[in-house]
Amino acid sequence: MMADVYVDGMYILHQIRLGDWGMKYWMAGECTGGGALAFAPGGEYFADARSDYTIAIRRTRDWRRERLLEGHTALVTDLAYSPDGSRLASAARDGTVRVWQTATGRLLLTLSGEAESVESVAFSPDGALLAAGTGSGEVRIWRVEDGSLAQTLSGGGWTVNAVAFSPDGAHLAAASADGRLSLWAVSDWQSMPSPAGASGEWLSLAFSPNGNWMAVGSAEGTIAVWQTSDWSLAGTLSGHTGAVRSLAFSHDSLLLASGSADNTLRLWKVEGWEFMQILGAHTGRVMDVVFHPRESLLLSAGDDGKILSWVPRGRVVRQFPPGSIGIVLGMSFSRDGSLLATGSADGAVRIWRTSDGYPLHYMLGHWSSVESVAFSPDGSLLASGADDATVRIWDVATGEQRRLLTDHDNSIWSVAFSPDGSLLATGSADRTVKVWSTETWQVLRTLPALPDYVWNVAFSPDGTMLGAGCGDGYIRIWDTQTWEMTHQIGGIGAYAAVVAFSPDNTHVARAGWDGVIRLYRIEDETLVHTLSGHTDKVWSISFSPDGSLLASASFDETVRIWRVEDGRLLRTLPAAADWSWAGPNAMAELTGEADARVFTVAFSPDGWWLAGGLGDGTVVWWGLLRWDMSPESILTPTRTPTPTR
């Protein structure tokens, strides 16, 4: 299944599953020609070289072009970001290396020599030096500060196709078309013995981020890998039927990707150098491959004019170590997506780093189940509400408790910050909604008593409305300027209404114990869509950041994804599909009795991931191929093991 979307002057085609890694989307209409790619150090941007000799800098999240760099007069062959991301270097067959300021697109330096072409370029890890491999067989080293030539090294009589500094900055390696593999000590530029054990017409080279490995690709289709501790040959990888034009290691040094003239990419496990998968969607030679510096995302560029984006599918993408020993009841992403907070039936609040699942804080204070957690918009504070009738305010940086709020008389089931961070709303089983000042932490307003428990509170994204889901099945909405109730929506069938506002502030979704989600237009309270399919209570709903999707979490052990535009069920994600997970170098075994009821669900702020909190204390992650949303298609969840503490 494929669908066309027109974005930024290009057709983007979105394609479905291709093995364990799937294509996220691809870009055509602006032929990449040389196929050079580079990620900025933080991964927020990437650069690609175009057939008209220009370079585009794009946002990774949506591929929108931010800058267009013009100046080269021939094919751009290689790109490299400086370690701090402030500069981008480009090599071209016009014989120059150009250094650009990434914030403005201003040309800072034009570096040249006697060579007619420059094939490769690399910054030193400290950003002070820039190395380039030339068509004349030289490696030139420039000082980035002033563009002065620091050194000229001989890389052989033929073209130097690839250069790379070791991650510790101690060595510079160069791969040449005449089969020479050169190594120099950066401290004095003395030549070192060439790694032995393999030969070929070398085209590509990459060091692993941990510095343990150096991989080199050949025109014969093989990849030689050396262990850098003693420069012994670790293995030769074969399988490609065309020249290996590009190599890249994943940010965690667990995977190696290779791009070939046989029109395919291959993925290899570093542990044991085991072949994993072929990714074959290019219709031309794969000229470059790059991994995201922090995420499980791979880009490839071909001379077919396409840039393709790949993400893991049906595999563990992020694993959280053992955590909760009770139901995960509340969950919240920080606005930048770097942190995830969870509240659990064991009374603990936890903050996790989403990039690798590292537990940053384990916070105790509540003496009963934590029902809800919410980050402040600036990410400095975390609020938690619990069955002990208290709200606790935590310092995200230190994990220390900053405030204790005790004005409620019963369980607090929901907490929510206003978009500007000035207010905190709390909903309670005492049938009240309270609004607090985050400056004084005093109650500014207690909204009129409601006829049943308040299960859920939420501010609209623009902050003009506050909604509350009540046990009588109604959603009530107040104007945050006058605090007058402006809407009372629902009341059909469901008990324990859950509320969520659409990102554009025009619609509100309501769910409850009847397993049905209803979408209303706020202005006239019109029921727009009725989303049916769950077979048990719906406890949580979440809009995707762009408002196109709605996720619902249920006691029927599934999360369902609906298309907001027409109410169509796009995908059913079974939380109980597979309780074991396998990473590249680790294995965990589920212990204890599984409880796959899904109590809470949330989209990550970038919309790439969906997290769910389960009844047995685990957090399940789904890697969403956002453009692969067919009703018959089902993703397998990734899951953290049932914990012990």
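Listed values, structure above:
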read-out	value
Alpha carbon centroid spacing (whole Å) that separates segment 85-156 from segment 363-406	51 Å
Summed residue charge, Cβ within 9 Å of S411's Cβ, Lys/Arg positive, Asp/Glu negative	-4
Scattering curve values for segment 382-511, log₁₀ I(q)/I(0), Debye with Cα scatterers, q = 0.13, 0.16, 0.21 Å⁻¹	-0.49, -0.74, -1.24
Ratio Rg/Rh [Cα only; Rh per Kirkwood] for segment 114-206	0.94
Two-decimal ratio, segment 257-304, of alpha-carbon radius of gyration to 2.2 N^0.38 Å	1.14
Extension gain from R61 to L107, taking 0.36 nm per residue of separation minus the Cα-Cα distance	14.0 nm
Area projected by the alpha carbon convex hull of segment 211-303, averaged over all directions, nm²	5.4 nm²
Stokes-Einstein diffusion coefficient of segment 31-172, Kirkwood radius over Cα pairs, 25 °C, 0.890 mPa s, in µm²/s	166 µm²/s
Per residue convex hull volume, Cα atoms of segment 440-490, in Å³	95 Å³
Kirkwood-based shape ratio for segment 455-559, expressed as Rg/Rh from alpha carbons	0.94
Once the Cα gyration tensor of segment 101-162 is diagonalised, semi-axes √(5λ) in Å	21, 12, 10
Segment W231-W273, extension gain: residue separation times 0.36 nm, minus the distance between their alpha carbons	13.5 nm
Calculated over segment 183-254: convex hull of Cα atoms, volume per residue (Å³)	99 Å³
Solvent-accessible area per residue, Å², over segment 22-176 with all protein chains present [probe radius 1.4 Å]	36 Å²
Cut-off under 5 Å, modelled amide H: who pairs with S246 long-range	G259
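The values are calculated or read from the model by the stated rules, or taken from the named source; none is laboratory data. Owing to the predicted nature of the structure, the values given are computational and were not obtained by experimental measurement. Positions of Cβ are generated from backbone atoms using ideal geometry, with glycine treated the same way; all protein chains shown enter the neighbour counts. The area values use the complete protein model at the heavy-atom level, side chains included, leaving out ligands, DNA and RNA. Shrake-Rupley method; radii C 1.70, N 1.55, O 1.52, S 1.80 Å.
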